[in-house]
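Okay, so here's the structure we're looking at.
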Amino acid sequence: MEGLFITFEGPDGAGKSTQVHLINAYLKDMGYKTLVTREPGGTPIGEKIRNLLLNCDHSEMSALTEMYLYAAARAQHVGQLIKPALQEGTIVLCDRFVDSSIAYQGFGRGLGMDLVEAVNLFALQDIEPDLTLFFNIDPEEALKRGRSRSGSPDRLESEKLEFHKKVYKGFCVLQEKYPWRVRKIDASKDVNTVFKQVLEQIECLLRCKK
Ligand code: TYD
């Protein structure tokens, strides 16, 4: 039996991680086998690449290097964790995936959607999310939320607001390009209201696919 691959995307501080954990608990209670993972990361090698990417000391990192490192972490993640889990029938809940590369490196860094999609084609190894939840919130608002929650911002979070606005535009373009896969969640609302929207989308997917 094939599992389901659900990805959570959006600006920094949009509240994705909280919802990933809430929906994971809900699905487990329902008796589903689930796996929670994240990008960059998810595997020991991926977590090492994550440290390279998010380290504020690496301000000289070029946009191309950044794109390839995210793709390298993803290749490892897909091969070692995501593909085997899906083959076992697991519901994989992934905090960020390839759409983040398109939004951050393609739009934020200005490398363009085509280049980032082309490079990631090989990293994806024929895997595509069944559903992507785009946590739609004004990037300025999201950053404020994120900063009040966590400690010091990482290398990407420390970028100027202009960068985050371009990233946000990237997510909107993705939603328009792939509307059947990328669903908008109004992430400006409180945790319970957001959870209801997440649940509605996932239940809809479960009804269609199972
Ligand atoms: P993370 O702490 O996971 O951010 P958040 O908690 O806001 O989701 O850090 C991941 C950062 O890496 C985040 O700023 C988005 C960025 N990123 C990319 O630029 N490209 C990518 O392909 C991925 C997966 C993440």
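The values are calculated or read from the model by the stated rules, or taken from the named source; none is laboratory data. Fair warning: this is a prediction, and the values are worked out from it, not measured in the lab. Here the Cβ positions follow ideal geometry from the backbone for every residue, glycine too, while neighbour counts run over all protein chains shown. Note: accessible area is taken over every heavy atom of the protein model, side chains too, but ligands, DNA and RNA are not part of it. Shrake-Rupley method; radii C 1.70, N 1.55, O 1.52, S 1.80 Å.
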In the stretch 90-122, how many residues are more than 15 Å from the chain's Cα centre (by Cα) and under 23 Å from residue 44 (Cα atoms)?
5
Those residues that are assigned to a helix (DSSP H, G or I), within 11 Å of the ligand (Cβ to nearest atom), open to solvent by less than 10 Å² (accessible area, probe 1.4 Å) and in contact (Cβ under 8 Å) with a residue 60 or more places away in the chain, I need them from the stretch 1-56; list them, please.
20, 53
Residue selected from the stretch 96-137 under the condition at positive phi and surrounded by fewer than 18 Cβ atoms within 10 Å (Cβ to Cβ), by the criterion farthest from the ligand (Cβ to nearest atom):
126
All positions within the stretch 148-206 that are of a type in the set (A, V, I, L, M, F, W, C) and farther than 27 Å from residue 25 by Cβ
156, 161, 163, 167, 172, 173, 174, 180
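In this structure, is residue 209 out of contact with any helix residue (DSSP H, G or I) (no Cβ under 7 Å at 6 or more places or on another chain) and touching a residue at least 24 places away in the same chain (Cβ under 8 Å)? Outline the logic, then answer.
On the way: out of contact with any helix residue (DSSP H, G or I) (no Cβ under 7 Å at 6 or more places or on another chain): yes; touching a residue at least 24 places away in the same chain (Cβ under 8 Å): yes.
When the stated conditions are applied, residue 209 passes them.
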Any idea which of 30, 67 is within 20 Å of residue 115 (Cα to Cα) and of a type in the set (A, V, I, L, M, F, W, C)?
67
Look through the stretch 57-95, keep the residues that are without any contact (Cβ under 8 Å) to a residue 40 or more places away in the chain and part of a helix (DSSP H, G or I), and return whichever of them is nearest to the ligand (Cβ to nearest atom).
70
Condition check for residue 205: assigned to a loop (DSSP other than H, G, I, E, B) and among the aliphatic types (A, V, I, L, M):
no
One residue from 155, 207, 183 being of a type outside the set (A, V, I, L, M), surrounded by 14 or more Cβ atoms within 10 Å (Cβ to Cβ) and farther than 18 Å from residue 105 by Cα:
183
